[in-house]
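Only one structure is covered here, and it is reproduced in the block below.
The values are calculated or read from the model by the stated rules, or taken from the named source; none is laboratory data. Please read these numbers as outputs of a predicted model, since none were measured by experiment. For neighbour counting, all protein chains shown are included, and Cβ atoms are generated from backbone atoms with ideal geometry for every residue, glycine included.
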Amino acid sequence: MEFREIKVATDSADEDGRLVLHDGRLVAVIVRLDDPSHGPAKGQWSLEAGFNGVESTKPPLFANLQAAERWIELQIADHIRV
(Lines give C-alpha, C1' and ligand atoms only; values in the text may rest on other atoms or scores of the structure.)
Protein backbone atom coordinates (compact mmCIF):
# COMPACT_ATOMS: atom_id res chain seq x y z
CA MET A 1 0.00 0.00 0.00
CA GLU A 2 1.32 3.41 -0.95
CA PHE A 3 0.24 6.83 0.31
CA ARG A 4 1.00 9.83 -1.91
CA GLU A 5 0.67 13.32 -0.49
CA ILE A 6 -1.71 15.62 -2.33
CA LYS A 7 -3.54 18.86 -1.63
CA VAL A 8 -7.32 18.49 -1.94
CA ALA A 9 -9.55 21.44 -2.91
CA THR A 10 -12.14 21.15 -0.13
CA ASP A 11 -12.86 24.86 0.33
CA SER A 12 -11.82 24.50 3.98
CA ALA A 13 -8.68 23.91 6.04
CA ASP A 14 -9.00 20.18 5.22
CA GLU A 15 -6.43 20.20 2.40
CA ASP A 16 -3.87 17.62 3.54
CA GLY A 17 -4.76 14.52 1.56
CA ARG A 18 -3.38 11.19 0.48
CA LEU A 19 -3.96 9.17 -2.64
CA VAL A 20 -3.99 5.54 -1.52
CA LEU A 21 -2.65 3.06 -4.05
CA HIS A 22 -2.78 -0.73 -3.87
CA ASP A 23 -0.72 -2.62 -6.45
CA GLY A 24 -0.30 0.64 -8.37
CA ARG A 25 -4.05 1.32 -8.55
CA LEU A 26 -5.91 4.16 -6.86
CA VAL A 27 -8.27 2.68 -4.25
CA ALA A 28 -8.99 5.67 -1.98
CA VAL A 29 -8.60 9.36 -1.29
CA ILE A 30 -8.34 10.34 2.37
CA VAL A 31 -8.14 13.82 3.91
CA ARG A 32 -6.97 14.98 7.33
CA LEU A 33 -9.65 16.97 9.13
CA ASP A 34 -7.89 20.22 10.06
CA ASP A 35 -10.80 22.65 10.17
CA PRO A 36 -11.78 23.66 13.74
CA SER A 37 -15.44 22.98 12.87
CA HIS A 38 -14.72 19.24 13.19
CA GLY A 39 -14.41 19.56 16.97
CA PRO A 40 -13.08 16.35 18.55
CA ALA A 41 -12.61 14.75 15.11
CA LYS A 42 -10.03 17.42 14.19
CA GLY A 43 -6.73 15.78 13.24
CA GLN A 44 -8.30 12.49 12.19
CA TRP A 45 -8.36 11.18 8.65
CA SER A 46 -11.57 10.80 6.64
CA LEU A 47 -12.34 8.65 3.62
CA GLU A 48 -13.35 11.10 0.87
CA ALA A 49 -13.59 8.59 -1.97
CA GLY A 50 -13.12 4.87 -2.33
CA PHE A 51 -12.93 2.59 -5.34
CA ASN A 52 -13.13 -1.12 -6.12
CA GLY A 53 -14.52 -2.29 -2.79
CA VAL A 54 -13.19 0.55 -0.64
CA GLU A 55 -16.54 2.31 -0.29
CA SER A 56 -18.67 3.16 2.71
CA THR A 57 -22.10 4.73 3.11
CA LYS A 58 -20.83 6.27 6.36
CA PRO A 59 -17.23 7.37 5.76
CA PRO A 60 -15.04 6.17 8.64
CA LEU A 61 -12.58 8.30 10.57
CA PHE A 62 -9.04 7.12 11.27
CA ALA A 63 -6.76 8.25 14.09
CA ASN A 64 -3.70 7.89 11.84
CA LEU A 65 -2.54 6.58 8.47
CA GLN A 66 -1.80 3.14 9.90
CA ALA A 67 -5.44 2.78 10.99
CA ALA A 68 -6.58 3.89 7.53
CA GLU A 69 -4.28 1.36 5.91
CA ARG A 70 -5.62 -1.49 8.07
CA TRP A 71 -9.25 -0.61 7.26
CA ILE A 72 -8.54 -0.25 3.53
CA GLU A 73 -6.71 -3.60 3.46
CA LEU A 74 -9.75 -5.27 5.08
CA GLN A 75 -12.10 -3.70 2.53
CA ILE A 76 -9.92 -4.91 -0.34
CA ALA A 77 -9.69 -8.42 1.14
CA ASP A 78 -13.48 -8.57 1.57
CA HIS A 79 -14.00 -7.35 -2.00
CA ILE A 80 -11.63 -9.98 -3.40
CA ARG A 81 -13.45 -12.78 -1.53
CA VAL A 82 -16.83 -11.82 -2.99
Identify all residues within the stretch 48-70 that are under 22 Å from residue 7 (Cα atoms), touching a residue at least 24 places away in the same chain (Cβ under 8 Å) and not charged (D, E, K, R); write none if there are none. 50, 51, 54, 61, 62, 65, 68
Restricted to the stretch 20-70 and to residues being of a type in the set (A, V, I, L, M, F, W, C), in a loop (DSSP other than H, G, I, E, B) and under 20 Å from residue 9 (Cβ atoms), the residue modelled with the lowest pLDDT is 51
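Name the single residue, out of those in the stretch 1-19 being part of a loop (DSSP other than H, G, I, E, B), free of Cβ contacts under 8 Å to residues at least 60 places away in the same chain and in contact with a strand residue (DSSP E or B) (Cβ under 6 Å, 6 or more places away or on another chain), that is surrounded by the fewest Cβ atoms within 10 Å (Cβ to Cβ).
15
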Selected residue [surrounded by fewer than 12 Cβ atoms within 10 Å (Cβ to Cβ) and of a type outside the set (Asp, Glu)] from 36, 60: 36
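Which one of these is more than 12 Å from the chain's Cα centre (by Cα) and under 27 Å from residue 78 (Cβ atoms): 25, 4, 32, 18?
From the options 25, 4, 32, 18, the qualifying one is 25.
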